Structures are given as structure tokens and as C-alpha cells.
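Before any comments, here is the structure.
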Amino acid sequence: MTHVDWLQTLAEIGLGFAGFSALIAGMRRGESTADPANSSRGRAVVETSLSVLFGCTLPVLLHRLGFSETVAFRLAGGLFLIAGAPLTVRGFRRALAIRTQFQPPRPVLSALSGVAGVGGLGFSLAAVVGIPAAAVPTYYLALLISILGIAAVNFAGFVFAIDAGDEPDEAATVATAENRT
């Protein structure tokens, strides 16, 4: 099957993002207050990573069920378009709501996520249309990479707490250090 090694690699990366996010979330459970923005980013990482994992297995399963390779990728692209469009819109609306309530806007991260989301939906549509037919597996691969890009941006924000509001106050850190001595 075309791109089967890529599908396996993307599934492993998606599973890694989801696993590390769950591990980090578990370690942060001990903190006294949960940061809603960071919790939202963690949830977005897990949701998008698991959708990539599902997306990597779907065309292989459909092909094994007897569909031709091109039809399997087109059907998987169609399912991603039908299910992915509303989920993508919901994810961006949730992120926008969290950003406006708890943190300043980050135009670079928002732009990267937006490009990845639109790219994913566009490549999904291209896979469904299937012109040229030989490019359908590559369109589908680009779709998965785009969705994984959303997970990567959210993962970076989740792990490194990119927003200024998530960083500890330097004065408070110095005061805490002085109190310990």
C-alpha cells in the first residue's frame, strides 16, 4: 500500500503527542490551580493526535476489506471531511473562547493552527475529488500531516506554556527563593 511507512510513522508521532500530553497533565495535577488555557491545549493535543491515529489506520483497514487503494484513501478522506470539518471548527471556536478569556492573542500560533486546519480540510477535499487519482494517497498523507501540525502547535503551547500569563512572575520566584534561604 502506498505511504504505509508514512502512515505508521504519523500514527506513532500522534500517539507520542497524546501520551506525553497525558503524562504532563498527570504531573501537573498536583498544582493547586488548573490553568484553563493549558488544559484546553492539552485536550486539543489528545483529540487531534487520536484523530491522526484513527486516520492512519482507516485507509489500511478499508483496503484490507477489499476496496482498491485509491478508493480506500478517498473514502477515508471523505470521512475526515465529514467528521473533521465540524470538529476543526469546534476546536478553533473553543481555542478562541479560551484565548479571549484567559490569555492575550498569539498571532503566530493562531496563524499556524489556522493554516494547518484549512490545509487539512483542503487536502481532505482533494482526496475525495481524487484528481489525479494517482495523487490521492499523497493528498491523504498531506491531510494527516496538516492535522498533526495542529497537534504540534498545541503540544508546544501545552509543554512550554508559551503565553506570558503562564510564566511565573520573576519577583515571586525571587521572593520564594529568598524565603527558602
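None of the figures in this text is laboratory data; all of them are computed from the coordinates on show. Please read these numbers as outputs of a predicted model, since none were measured by experiment. Because the Cβ atoms are built from the backbone with ideal geometry, glycine has one as well, and the counts that use them run over all protein chains shown.
A straight chain from residue 27 to residue 160 at 0.36 nm per residue would run longer than the Cα-Cα distance by 46.5 nm. Quick one: if you stick a label point 7 Å off each Cα along the C-beta vector at residue 12 and residue 92, how many nm between them? So the two model labels end up 3.2 nm from each other. Measuring nothing but how far apart in sequence close Cα pairs (under 8 Å, 6+ apart) lie, relative to its length, segment 4-162 scores a relative contact order of 35 percent. With the simple spin-label model, which puts each label point 7 Å out from Cα in the Cβ direction, the residue 129 to residue 61 separation comes to 2.8 nm.
Radius of gyration over Kirkwood radius for segment 4-162, both on Cα atoms: the Rg/Rh ratio is 1.02.
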